[in-house]
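To start, the structure itself, in C-alpha coordinates.
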Amino acid sequence: MADAVKSATLKIDGTTLELPIRSGTIGPDVVDITKLYASAKVFTYDPAFSSTASCESKITYIDGDEGILLYRGYPIEQLAEQGDFIETCYLLYYGELPTPSQRRVFEHAITHHTMVHEQLTRFFQGFRRDAHPMAVMVAVIGAMSAFYHDSLDINDARQREIASHRMIAKLPTIAAMAFKYSIGQPFVYPKNDLSYAANFLRMCFAVPCEDYVVNPVLARAMDKIFILHADHEQNASTSTVRLAGSSGANPFACIAAGIACLWGPAHGGANEAALEMLAAIGDPGKVPDFIAKVKDKTSHHRLMGFGHRVYKNYDPRAKIMQKTAHEVLVELGINDDPLFDVARELERAALSDSYFIERKLYPNVDFYSGIILRALGFPTSMFTVLFALARTVGWISQWKEMIEDPNYKIGRPRQLYTGPARRDYLPLSKRGK
Ligand code: SDX
(Lines give C-alpha, C1' and ligand atoms only; values in the text may rest on other atoms or scores of the structure.)
Protein backbone atom coordinates (compact mmCIF):
# COMPACT_ATOMS: atom_id res chain seq x y z
CA MET A 1 0.00 0.00 0.00
CA ALA A 2 1.30 3.46 -0.93
CA ASP A 3 2.56 5.57 1.97
CA ALA A 4 0.00 8.11 3.16
CA VAL A 5 0.46 11.56 1.64
CA LYS A 6 -2.97 12.87 2.64
CA SER A 7 -4.91 12.66 5.89
CA ALA A 8 -8.46 13.02 7.21
CA THR A 9 -9.09 15.17 10.29
CA LEU A 10 -11.41 13.73 12.90
CA LYS A 11 -12.58 15.83 15.86
CA ILE A 12 -13.94 13.78 18.80
CA ASP A 13 -14.66 15.18 22.29
CA GLY A 14 -12.20 18.00 21.80
CA THR A 15 -9.52 15.70 20.42
CA THR A 16 -8.33 16.25 16.84
CA LEU A 17 -6.98 13.20 15.05
CA GLU A 18 -5.18 13.06 11.70
CA LEU A 19 -6.02 9.73 10.05
CA PRO A 20 -3.76 8.74 7.11
CA ILE A 21 -5.45 8.45 3.70
CA ARG A 22 -3.93 5.77 1.49
CA SER A 23 -4.39 5.26 -2.24
CA GLY A 24 -4.46 2.06 -4.27
CA THR A 25 -3.59 1.59 -7.96
CA ILE A 26 -7.21 2.38 -8.96
CA GLY A 27 -10.41 2.80 -7.00
CA PRO A 28 -11.39 4.73 -3.87
CA ASP A 29 -8.80 5.87 -1.33
CA VAL A 30 -9.04 4.44 2.19
CA VAL A 31 -8.93 6.22 5.54
CA ASP A 32 -6.54 4.15 7.64
CA ILE A 33 -8.22 3.73 11.05
CA THR A 34 -5.92 1.00 12.38
CA LYS A 35 -4.81 3.29 15.21
CA LEU A 36 -8.23 4.93 15.86
CA TYR A 37 -9.21 2.94 18.95
CA ALA A 38 -5.73 3.28 20.48
CA SER A 39 -5.86 7.06 19.92
CA ALA A 40 -9.51 7.91 20.61
CA LYS A 41 -11.05 4.85 22.31
CA VAL A 42 -13.84 4.73 19.71
CA PHE A 43 -14.73 2.13 17.05
CA THR A 44 -16.17 2.73 13.59
CA TYR A 45 -19.52 1.09 12.87
CA ASP A 46 -20.25 -0.62 9.51
CA PRO A 47 -22.04 -3.98 10.11
CA ALA A 48 -22.31 -5.02 6.42
CA PHE A 49 -18.90 -3.53 5.54
CA SER A 50 -20.51 -1.26 2.91
CA SER A 51 -17.83 1.38 3.50
CA THR A 52 -15.07 -0.78 4.94
CA ALA A 53 -11.97 -2.20 3.25
CA SER A 54 -11.09 -5.36 5.17
CA CYS A 55 -7.70 -5.84 3.51
CA GLU A 56 -5.30 -4.75 0.80
CA SER A 57 -5.38 -7.01 -2.26
CA LYS A 58 -3.78 -7.21 -5.70
CA ILE A 59 -6.07 -9.88 -7.14
CA THR A 60 -9.44 -8.54 -8.36
CA TYR A 61 -10.87 -5.07 -8.88
CA ILE A 62 -14.52 -4.11 -9.39
CA ASP A 63 -15.82 -0.69 -10.44
CA GLY A 64 -19.49 -1.12 -9.54
CA ASP A 65 -20.61 2.17 -11.07
CA GLU A 66 -18.94 1.46 -14.42
CA GLY A 67 -19.61 -2.30 -14.43
CA ILE A 68 -15.91 -3.17 -14.63
CA LEU A 69 -14.30 -6.42 -13.37
CA LEU A 70 -10.53 -7.01 -13.61
CA TYR A 71 -8.60 -10.14 -12.62
CA ARG A 72 -5.02 -9.00 -11.92
CA GLY A 73 -5.76 -6.03 -14.21
CA TYR A 74 -7.16 -8.03 -17.14
CA PRO A 75 -10.82 -7.26 -18.11
CA ILE A 76 -13.14 -10.21 -17.52
CA GLU A 77 -14.50 -9.84 -21.07
CA GLN A 78 -11.03 -10.47 -22.58
CA LEU A 79 -10.26 -13.40 -20.29
CA ALA A 80 -13.63 -15.04 -20.99
CA GLU A 81 -13.40 -14.55 -24.77
CA GLN A 82 -9.67 -15.16 -25.34
CA GLY A 83 -8.46 -17.21 -22.38
CA ASP A 84 -9.52 -20.33 -20.53
CA PHE A 85 -10.09 -21.35 -16.93
CA ILE A 86 -6.79 -23.14 -16.32
CA GLU A 87 -4.77 -20.03 -17.25
CA THR A 88 -7.21 -17.88 -15.27
CA CYS A 89 -6.43 -20.07 -12.24
CA TYR A 90 -2.70 -19.51 -12.83
CA LEU A 91 -3.27 -15.75 -13.21
CA LEU A 92 -5.32 -15.41 -10.03
CA TYR A 93 -3.00 -17.59 -7.96
CA TYR A 94 0.47 -16.49 -9.21
CA GLY A 95 -0.38 -12.97 -10.44
CA GLU A 96 0.58 -13.21 -14.13
CA LEU A 97 -0.69 -14.99 -17.24
CA PRO A 98 1.45 -18.14 -17.67
CA THR A 99 4.08 -18.57 -20.38
CA PRO A 100 3.55 -21.70 -22.51
CA SER A 101 5.98 -23.70 -20.35
CA GLN A 102 4.47 -22.37 -17.09
CA ARG A 103 1.05 -23.34 -18.37
CA ARG A 104 2.20 -26.85 -19.28
CA VAL A 105 3.72 -27.42 -15.81
CA PHE A 106 0.68 -25.97 -14.01
CA GLU A 107 -1.88 -27.85 -16.10
CA HIS A 108 0.07 -31.11 -15.59
CA ALA A 109 0.10 -30.53 -11.81
CA ILE A 110 -3.64 -29.82 -11.70
CA THR A 111 -4.51 -32.74 -13.99
CA HIS A 112 -2.50 -35.17 -11.87
CA HIS A 113 -4.26 -34.10 -8.69
CA THR A 114 -7.80 -34.64 -10.00
CA MET A 115 -8.28 -38.07 -8.38
CA VAL A 116 -9.39 -38.17 -4.74
CA HIS A 117 -8.26 -40.60 -2.03
CA GLU A 118 -10.41 -43.69 -2.58
CA GLN A 119 -11.59 -43.69 1.04
CA LEU A 120 -13.03 -40.19 0.54
CA THR A 121 -15.71 -41.83 -1.59
CA ARG A 122 -17.11 -43.51 1.55
CA PHE A 123 -18.28 -40.17 2.98
CA PHE A 124 -21.00 -40.04 0.36
CA GLN A 125 -22.60 -43.28 1.60
CA GLY A 126 -23.51 -41.53 4.85
CA PHE A 127 -25.82 -39.08 3.07
CA ARG A 128 -29.41 -39.62 1.94
CA ARG A 129 -29.61 -39.58 -1.85
CA ASP A 130 -31.78 -36.46 -1.63
CA ALA A 131 -29.25 -34.54 0.49
CA HIS A 132 -28.61 -31.10 -0.99
CA PRO A 133 -25.27 -31.36 -2.85
CA MET A 134 -24.03 -28.21 -1.06
CA ALA A 135 -24.38 -30.06 2.27
CA VAL A 136 -22.24 -32.83 0.81
CA MET A 137 -19.66 -30.36 -0.49
CA VAL A 138 -19.28 -28.58 2.86
CA ALA A 139 -18.72 -31.95 4.56
CA VAL A 140 -16.42 -33.61 2.03
CA ILE A 141 -14.22 -30.57 1.40
CA GLY A 142 -13.82 -30.09 5.15
CA ALA A 143 -12.95 -33.79 5.45
CA MET A 144 -10.07 -33.34 2.97
CA SER A 145 -8.04 -31.99 5.91
CA ALA A 146 -8.26 -35.53 7.35
CA PHE A 147 -6.61 -36.99 4.25
CA TYR A 148 -3.91 -34.67 2.99
CA HIS A 149 -1.72 -34.28 6.07
CA ASP A 150 1.32 -33.47 3.92
CA SER A 151 -0.20 -30.12 2.87
CA LEU A 152 -1.65 -28.69 6.08
CA ASP A 153 1.29 -26.62 7.34
CA ILE A 154 0.22 -23.11 6.30
CA ASN A 155 3.68 -21.75 7.12
CA ASP A 156 5.33 -23.95 4.48
CA ALA A 157 5.09 -22.32 1.03
CA ARG A 158 5.35 -25.61 -0.82
CA GLN A 159 2.62 -27.22 1.32
CA ARG A 160 0.40 -24.18 0.70
CA GLU A 161 0.96 -24.59 -3.05
CA ILE A 162 0.22 -28.34 -3.01
CA ALA A 163 -2.96 -27.82 -0.94
CA SER A 164 -4.02 -25.10 -3.41
CA HIS A 165 -3.36 -27.33 -6.42
CA ARG A 166 -5.29 -30.15 -4.73
CA MET A 167 -8.28 -27.88 -4.10
CA ILE A 168 -8.38 -26.53 -7.66
CA ALA A 169 -7.97 -30.04 -9.06
CA LYS A 170 -10.28 -32.02 -6.79
CA LEU A 171 -13.29 -29.71 -6.52
CA PRO A 172 -14.62 -30.80 -9.95
CA THR A 173 -14.17 -34.47 -9.04
CA ILE A 174 -15.96 -34.08 -5.70
CA ALA A 175 -18.70 -31.90 -7.25
CA ALA A 176 -19.28 -34.54 -9.94
CA MET A 177 -19.37 -37.24 -7.24
CA ALA A 178 -21.99 -35.25 -5.31
CA PHE A 179 -24.08 -35.04 -8.49
CA LYS A 180 -23.67 -38.73 -9.37
CA TYR A 181 -24.54 -39.76 -5.81
CA SER A 182 -27.72 -37.64 -5.90
CA ILE A 183 -28.93 -39.42 -9.06
CA GLY A 184 -27.86 -42.91 -8.01
CA GLN A 185 -25.22 -43.34 -10.70
CA PRO A 186 -21.69 -44.67 -10.18
CA PHE A 187 -18.82 -42.20 -9.78
CA VAL A 188 -16.80 -41.53 -12.93
CA TYR A 189 -13.03 -41.17 -12.58
CA PRO A 190 -11.25 -38.19 -14.17
CA LYS A 191 -9.38 -38.71 -17.46
CA ASN A 192 -5.99 -37.03 -17.81
CA ASP A 193 -6.30 -36.42 -21.53
CA LEU A 194 -9.29 -34.07 -21.12
CA SER A 195 -9.31 -30.33 -20.39
CA TYR A 196 -10.53 -29.13 -16.99
CA ALA A 197 -14.09 -28.32 -18.11
CA ALA A 198 -14.40 -31.32 -20.45
CA ASN A 199 -13.18 -33.63 -17.66
CA PHE A 200 -15.83 -32.21 -15.33
CA LEU A 201 -18.67 -32.62 -17.85
CA ARG A 202 -17.60 -36.21 -18.50
CA MET A 203 -17.43 -37.02 -14.77
CA CYS A 204 -20.97 -35.64 -14.45
CA PHE A 205 -22.66 -37.11 -17.52
CA ALA A 206 -20.75 -40.24 -18.60
CA VAL A 207 -22.09 -43.67 -17.65
CA PRO A 208 -20.15 -46.97 -17.69
CA CYS A 209 -22.45 -48.46 -20.31
CA GLU A 210 -21.27 -46.35 -23.23
CA ASP A 211 -18.55 -44.00 -24.42
CA TYR A 212 -19.10 -40.32 -23.69
CA VAL A 213 -17.80 -37.70 -26.10
CA VAL A 214 -17.72 -34.17 -24.70
CA ASN A 215 -19.37 -31.53 -26.92
CA PRO A 216 -16.64 -28.87 -27.38
CA VAL A 217 -19.18 -26.03 -27.54
CA LEU A 218 -20.64 -27.09 -24.19
CA ALA A 219 -17.18 -27.60 -22.68
CA ARG A 220 -16.24 -24.07 -23.81
CA ALA A 221 -19.44 -22.70 -22.22
CA MET A 222 -18.68 -24.54 -18.97
CA ASP A 223 -15.12 -23.18 -19.04
CA LYS A 224 -16.43 -19.63 -19.51
CA ILE A 225 -18.83 -20.04 -16.60
CA PHE A 226 -15.90 -21.09 -14.43
CA ILE A 227 -13.90 -18.02 -15.54
CA LEU A 228 -16.81 -15.67 -14.78
CA HIS A 229 -17.24 -17.06 -11.26
CA ALA A 230 -13.54 -17.40 -10.35
CA ASP A 231 -13.11 -14.39 -8.06
CA HIS A 232 -14.87 -11.22 -7.01
CA GLU A 233 -12.96 -9.14 -4.41
CA GLN A 234 -14.03 -9.43 -0.75
CA ASN A 235 -17.56 -10.85 -1.21
CA ALA A 236 -19.21 -12.65 1.70
CA SER A 237 -17.71 -16.09 1.06
CA THR A 238 -14.22 -14.77 0.30
CA SER A 239 -14.33 -12.71 3.48
CA THR A 240 -15.37 -15.88 5.31
CA VAL A 241 -12.38 -17.76 3.91
CA ARG A 242 -10.02 -14.93 4.90
CA LEU A 243 -11.42 -14.70 8.42
CA ALA A 244 -11.22 -18.47 8.90
CA GLY A 245 -7.68 -18.48 7.49
CA SER A 246 -6.63 -15.63 9.78
CA SER A 247 -6.97 -17.98 12.75
CA GLY A 248 -4.47 -20.37 11.16
CA ALA A 249 -7.12 -22.94 10.17
CA ASN A 250 -5.98 -25.31 7.44
CA PRO A 251 -6.89 -24.38 3.84
CA PHE A 252 -9.38 -27.23 3.38
CA ALA A 253 -11.36 -26.08 6.44
CA CYS A 254 -11.25 -22.48 5.15
CA ILE A 255 -12.65 -23.47 1.75
CA ALA A 256 -15.38 -25.53 3.47
CA ALA A 257 -16.32 -22.37 5.41
CA GLY A 258 -16.47 -20.42 2.14
CA ILE A 259 -18.74 -23.05 0.60
CA ALA A 260 -21.07 -22.84 3.60
CA CYS A 261 -21.33 -19.05 3.22
CA LEU A 262 -21.80 -19.19 -0.56
CA TRP A 263 -24.86 -21.44 -0.09
CA GLY A 264 -27.04 -18.53 1.06
CA PRO A 265 -29.72 -17.30 -1.45
CA ALA A 266 -28.47 -13.71 -1.14
CA HIS A 267 -25.07 -14.88 -2.39
CA GLY A 268 -24.17 -17.97 -4.39
CA GLY A 269 -27.55 -19.59 -3.81
CA ALA A 270 -29.13 -16.91 -6.00
CA ASN A 271 -28.51 -18.84 -9.22
CA GLU A 272 -30.66 -21.72 -7.93
CA ALA A 273 -33.29 -19.24 -6.66
CA ALA A 274 -33.23 -17.27 -9.93
CA LEU A 275 -34.04 -20.29 -12.07
CA GLU A 276 -36.79 -21.36 -9.66
CA MET A 277 -38.17 -17.82 -9.95
CA LEU A 278 -38.15 -18.02 -13.77
CA ALA A 279 -39.87 -21.43 -13.63
CA ALA A 280 -42.50 -20.08 -11.20
CA ILE A 281 -43.27 -17.18 -13.56
CA GLY A 282 -43.41 -19.73 -16.39
CA ASP A 283 -44.51 -17.44 -19.21
CA PRO A 284 -43.36 -14.03 -20.46
CA GLY A 285 -46.99 -12.88 -20.27
CA LYS A 286 -46.89 -13.28 -16.47
CA VAL A 287 -43.85 -11.01 -16.02
CA PRO A 288 -45.90 -7.85 -15.28
CA ASP A 289 -47.70 -9.58 -12.40
CA PHE A 290 -44.40 -10.77 -10.94
CA ILE A 291 -42.81 -7.32 -11.28
CA ALA A 292 -45.81 -5.88 -9.42
CA LYS A 293 -45.26 -8.37 -6.58
CA VAL A 294 -41.56 -7.49 -6.36
CA LYS A 295 -42.43 -3.79 -6.10
CA ASP A 296 -44.91 -4.53 -3.32
CA LYS A 297 -42.61 -4.83 -0.28
CA THR A 298 -45.25 -6.69 1.70
CA SER A 299 -45.00 -9.58 -0.78
CA HIS A 300 -41.35 -10.18 0.22
CA HIS A 301 -40.63 -11.13 -3.40
CA ARG A 302 -37.17 -10.31 -4.74
CA LEU A 303 -36.02 -10.40 -8.33
CA MET A 304 -33.40 -13.10 -7.86
CA GLY A 305 -30.34 -12.67 -10.04
CA PHE A 306 -30.86 -8.90 -9.92
CA GLY A 307 -29.11 -6.29 -7.81
CA HIS A 308 -25.69 -6.32 -6.26
CA ARG A 309 -23.93 -4.91 -3.24
CA VAL A 310 -21.21 -3.39 -5.47
CA TYR A 311 -22.49 -3.29 -9.08
CA LYS A 312 -24.86 -0.38 -9.49
CA ASN A 313 -24.62 -0.94 -13.22
CA TYR A 314 -24.88 -4.03 -15.40
CA ASP A 315 -22.74 -6.88 -13.98
CA PRO A 316 -20.24 -7.46 -16.84
CA ARG A 317 -20.45 -11.18 -16.15
CA ALA A 318 -24.19 -11.17 -16.83
CA LYS A 319 -23.66 -9.80 -20.35
CA ILE A 320 -21.22 -12.60 -21.20
CA MET A 321 -23.53 -15.12 -19.54
CA GLN A 322 -26.50 -14.00 -21.67
CA LYS A 323 -24.44 -14.40 -24.87
CA THR A 324 -23.22 -17.83 -23.74
CA ALA A 325 -26.76 -18.91 -22.89
CA HIS A 326 -27.82 -18.13 -26.45
CA GLU A 327 -24.83 -20.07 -27.88
CA VAL A 328 -25.60 -23.14 -25.75
CA LEU A 329 -29.33 -23.13 -26.59
CA VAL A 330 -28.54 -22.87 -30.31
CA GLU A 331 -25.93 -25.67 -30.06
CA LEU A 332 -28.47 -27.89 -28.31
CA GLY A 333 -31.20 -26.96 -30.78
CA ILE A 334 -33.32 -25.47 -27.99
CA ASN A 335 -34.79 -22.62 -30.00
CA ASP A 336 -37.69 -21.77 -27.72
CA ASP A 337 -36.63 -22.25 -24.11
CA PRO A 338 -39.55 -20.68 -22.22
CA LEU A 339 -37.33 -19.81 -19.25
CA PHE A 340 -34.88 -17.94 -21.49
CA ASP A 341 -37.84 -16.07 -22.98
CA VAL A 342 -39.10 -15.25 -19.47
CA ALA A 343 -35.60 -14.10 -18.42
CA ARG A 344 -35.24 -11.77 -21.41
CA GLU A 345 -38.74 -10.32 -20.92
CA LEU A 346 -38.10 -9.91 -17.18
CA GLU A 347 -34.84 -8.09 -17.89
CA ARG A 348 -36.48 -5.88 -20.52
CA ALA A 349 -39.36 -4.99 -18.18
CA ALA A 350 -37.17 -4.37 -15.13
CA LEU A 351 -34.60 -2.24 -16.98
CA SER A 352 -37.39 0.05 -18.20
CA ASP A 353 -39.14 0.30 -14.81
CA SER A 354 -38.33 3.30 -12.58
CA TYR A 355 -38.47 1.12 -9.43
CA PHE A 356 -35.42 -0.84 -10.58
CA ILE A 357 -33.74 2.07 -12.32
CA GLU A 358 -33.91 4.27 -9.20
CA ARG A 359 -32.46 1.44 -7.10
CA LYS A 360 -29.78 0.69 -9.73
CA LEU A 361 -30.87 -2.93 -9.96
CA TYR A 362 -29.39 -4.78 -12.93
CA PRO A 363 -28.93 -8.47 -13.80
CA ASN A 364 -26.01 -10.01 -11.93
CA VAL A 365 -23.94 -13.11 -12.61
CA ASP A 366 -26.75 -15.35 -11.37
CA PHE A 367 -29.52 -14.17 -13.67
CA TYR A 368 -28.63 -16.13 -16.81
CA SER A 369 -26.27 -18.77 -15.46
CA GLY A 370 -29.13 -21.06 -14.48
CA ILE A 371 -30.46 -21.09 -18.05
CA ILE A 372 -27.13 -22.46 -19.27
CA LEU A 373 -26.62 -24.94 -16.45
CA ARG A 374 -30.13 -26.31 -16.86
CA ALA A 375 -29.56 -26.66 -20.63
CA LEU A 376 -26.28 -28.51 -19.90
CA GLY A 377 -28.30 -31.01 -17.88
CA PHE A 378 -27.67 -29.91 -14.27
CA PRO A 379 -30.51 -29.84 -11.72
CA THR A 380 -30.97 -26.51 -9.89
CA SER A 381 -29.56 -28.10 -6.71
CA MET A 382 -26.17 -28.33 -8.46
CA PHE A 383 -26.01 -24.66 -9.51
CA THR A 384 -24.36 -23.33 -6.36
CA VAL A 385 -22.01 -26.33 -6.31
CA LEU A 386 -20.72 -25.20 -9.72
CA PHE A 387 -20.33 -21.67 -8.37
CA ALA A 388 -18.29 -23.07 -5.45
CA LEU A 389 -16.19 -25.19 -7.84
CA ALA A 390 -15.25 -22.10 -9.86
CA ARG A 391 -14.81 -19.76 -6.89
CA THR A 392 -12.39 -22.13 -5.15
CA VAL A 393 -9.45 -20.69 -7.10
CA GLY A 394 -10.44 -17.18 -6.01
CA TRP A 395 -10.87 -18.24 -2.41
CA ILE A 396 -7.52 -20.04 -2.29
CA SER A 397 -5.73 -17.18 -4.06
CA GLN A 398 -7.10 -14.67 -1.56
CA TRP A 399 -6.21 -17.03 1.30
CA LYS A 400 -2.63 -17.34 -0.04
CA GLU A 401 -2.34 -13.55 -0.40
CA MET A 402 -3.37 -13.11 3.22
CA ILE A 403 -1.09 -15.86 4.61
CA GLU A 404 1.87 -14.46 2.67
CA ASP A 405 1.31 -10.97 4.12
CA PRO A 406 3.87 -10.73 6.92
CA ASN A 407 1.59 -8.30 8.77
CA TYR A 408 -1.58 -10.41 8.78
CA LYS A 409 -3.25 -11.01 12.14
CA ILE A 410 -6.30 -12.93 13.29
CA GLY A 411 -9.42 -10.97 12.33
CA ARG A 412 -11.32 -9.74 15.38
CA PRO A 413 -14.09 -7.19 14.71
CA ARG A 414 -15.43 -5.18 17.67
CA GLN A 415 -19.07 -4.13 18.29
CA LEU A 416 -21.47 -1.47 19.51
CA TYR A 417 -22.87 -3.02 22.71
CA THR A 418 -26.49 -2.12 23.49
CA GLY A 419 -27.26 -4.91 25.95
CA PRO A 420 -27.82 -4.56 29.75
CA ALA A 421 -25.23 -2.73 31.84
CA ARG A 422 -23.58 -4.71 34.68
CA ARG A 423 -26.13 -6.17 37.07
CA ASP A 424 -25.95 -8.72 39.96
CA TYR A 425 -27.19 -12.30 39.85
CA LEU A 426 -30.81 -12.79 41.07
CA PRO A 427 -31.51 -16.14 42.82
CA LEU A 428 -34.36 -18.18 41.31
CA SER A 429 -36.45 -17.70 44.45
CA LYS A 430 -36.45 -13.92 43.84
CA ARG A 431 -37.53 -14.00 40.17
CA GLY A 432 -41.28 -14.16 40.75
CA LYS A 433 -43.51 -17.15 39.85
C1 SDX B 1 -23.56 -12.75 -5.76
O2 SDX B 1 -20.61 -9.68 -3.36
C3 SDX B 1 -20.40 -10.30 -4.45
O4 SDX B 1 -19.47 -9.99 -5.19
C5 SDX B 1 -21.32 -11.46 -4.71
C6 SDX B 1 -21.18 -12.11 -6.07
C7 SDX B 1 -19.86 -12.79 -6.23
O8 SDX B 1 -19.44 -12.99 -7.38
O9 SDX B 1 -19.28 -13.23 -5.18
O10 SDX B 1 -21.32 -11.14 -7.09
C11 SDX B 1 -22.25 -13.18 -6.28
O12 SDX B 1 -23.86 -13.00 -4.63
C13 SDX B 1 -24.46 -11.93 -6.66
C14 SDX B 1 -25.74 -11.47 -5.93
C15 SDX B 1 -26.72 -12.66 -5.94
N16 SDX B 1 -27.92 -12.36 -5.11
C17 SDX B 1 -29.09 -12.18 -5.67
O18 SDX B 1 -29.29 -12.09 -6.89
C19 SDX B 1 -30.24 -12.08 -4.68
C20 SDX B 1 -31.13 -10.91 -5.04
N21 SDX B 1 -30.38 -9.67 -4.83
C22 SDX B 1 -30.49 -9.05 -3.56
O23 SDX B 1 -30.95 -9.71 -2.48
C24 SDX B 1 -29.62 -7.84 -3.35
O25 SDX B 1 -29.59 -7.14 -4.53
C26 SDX B 1 -28.20 -8.07 -2.87
C27 SDX B 1 -28.21 -8.82 -1.58
C28 SDX B 1 -27.43 -8.82 -3.90
C29 SDX B 1 -27.55 -6.72 -2.66
O30 SDX B 1 -28.30 -6.05 -1.77
P31 SDX B 1 -27.89 -4.54 -1.35
O32 SDX B 1 -26.91 -3.90 -2.22
O33 SDX B 1 -27.61 -4.58 0.10
O34 SDX B 1 -29.15 -3.79 -1.70
P35 SDX B 1 -30.24 -3.57 -0.68
O36 SDX B 1 -30.66 -4.90 -0.15
O37 SDX B 1 -29.81 -2.51 0.27
O38 SDX B 1 -31.36 -3.03 -1.68
C39 SDX B 1 -31.41 -1.67 -2.05
C40 SDX B 1 -32.86 -1.50 -2.50
C41 SDX B 1 -33.85 -1.98 -1.46
O42 SDX B 1 -35.03 -1.26 -1.69
P43 SDX B 1 -35.38 0.01 -0.69
O44 SDX B 1 -35.33 -0.53 0.71
O45 SDX B 1 -34.31 1.04 -0.98
O46 SDX B 1 -36.77 0.44 -1.12
O47 SDX B 1 -33.09 -2.34 -3.65
C48 SDX B 1 -34.03 -3.33 -3.32
C49 SDX B 1 -34.10 -3.40 -1.81
O50 SDX B 1 -35.38 -3.83 -1.40
N51 SDX B 1 -33.53 -4.58 -3.91
C52 SDX B 1 -34.27 -5.41 -4.61
C53 SDX B 1 -33.39 -6.41 -5.04
N54 SDX B 1 -32.16 -6.15 -4.59
C55 SDX B 1 -32.25 -5.01 -3.88
N56 SDX B 1 -35.59 -5.42 -4.90
C57 SDX B 1 -36.02 -6.44 -5.66
N58 SDX B 1 -35.23 -7.44 -6.11
C59 SDX B 1 -33.92 -7.46 -5.83
N60 SDX B 1 -33.15 -8.42 -6.28
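The values are calculated or read from the model by the stated rules, or taken from the named source; none is laboratory data. Predicted model, so just to flag it, every value in this text is computed and none were measured. Glycine gets a Cβ as well: all are built from the backbone with ideal geometry, and neighbour counts include every protein chain shown. Only protein heavy atoms, including side chains, enter the accessible area calculation; ligands, DNA and RNA are left aside. Shrake-Rupley method; radii C 1.70, N 1.55, O 1.52, S 1.80 Å.
Numbers at a glance
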quantity: Formal net charge of residues neighbouring Leu69 (Cβ-Cβ distance under 12 Å; K, R +1; D, E -1); calculated: -3
quantity: Heavy-atom surface of the chain, accessible at 1.4 Å and reported per residue (Å²); calculated: 50
quantity: Charged-residue dipole, Cβ positions (Lys, Arg, Asp, Glu), the range 256-403 about Cα centre, Debye nearest 20; calculated: 600
quantity: Whole-Å semi-axes of the ellipsoid equivalent to the chain (Cα gyration tensor, √5λ, descending); calculated: 37, 29, 25
quantity: Total formal charge among the other residues, if their Cβ is under 14 angstrom from that of Phe383, Lys/Arg +1 and Asp/Glu -1; calculated: -1
quantity: Surface share of carbon and sulfur [accessible, 1.4 angstrom probe, percent] for the range 298-433; calculated: 52
quantity: Cα centroid separation, the range 95-120 to the range 1-66 (Å); calculated: 38
quantity: Spin-label pair Val207/Asp336, simplified geometry with 7 Å Cα→Cβ offset, distance in nm; calculated: 2.9
quantity: Helical contribution to [θ] at 222 nm, DSSP H n ≥ 4, -39,500 (n - 2.57), averaged over the chain, rounded to 500; calculated: -15000 deg cm²/dmol
quantity: Whether the range 333-433 is rounded, prolate or oblate, judged on the alpha carbon gyration tensor where a/c under 1.5 counts as rounded; calculated: prolate
quantity: Value of Rg/Rh across the range 251-387 [Cα atoms, Kirkwood radius]; calculated: 0.97
quantity: For the range 371-433 and the range 130-152, distance of Cα centres in Å; calculated: 17
quantity: J(HN,Hα) series, the range 21-28, from Karplus relation 6.51 cos²θ - 1.76 cosθ + 1.60, nearest Hz, glycine and proline x; calculated: 9, 10, 10, x, 5, 9, x, x
quantity: Distant-in-sequence amide H partners of Ile68 (H built 1.01 Å from N, under 5 Å); calculated: Asp63
quantity: Using θ = phi - 60° and Karplus 6.51 cos²θ - 1.76 cosθ + 1.60, couplings along the range 422-429 (whole Hz; Gly, Pro as x); calculated: 4, 9, 8, 4, 10, x, 3, 5
quantity: Global geometry of the range 35-126, whether rounded, prolate or oblate, following the gyration tensor of its Cα atoms and the 1.5 cut on a/c; calculated: oblate
quantity: 5 angstrom amide H check on Thr60, placed H, neighbours 5+ away; calculated: Arg72, Glu233
quantity: Stretchable slack from Glu161 to Arg122, in nm (0.36 nm times residue separation minus alpha-carbon distance); calculated: 11.4 nm
quantity: Local electrostatic count, Phe106, Cβ distance below 14 Å [Lys/Arg +1, Asp/Glu -1]; calculated: -2
quantity: Cα-based reach from Lys319 at 18 Å (exclusive), listing lysines while leaving out same-chain residues under 8 positions away; calculated: Lys224, Lys360
quantity: Packing-based order for 421-429, 276-284, using average beta carbon neighbours within 10 Å, highest first; calculated: 276-284, 421-429
quantity: Ordering of 265-272, 246-253 by burial proxy (mean other Cβ atoms within 10 Å per residue, highest first); calculated: 265-272, 246-253
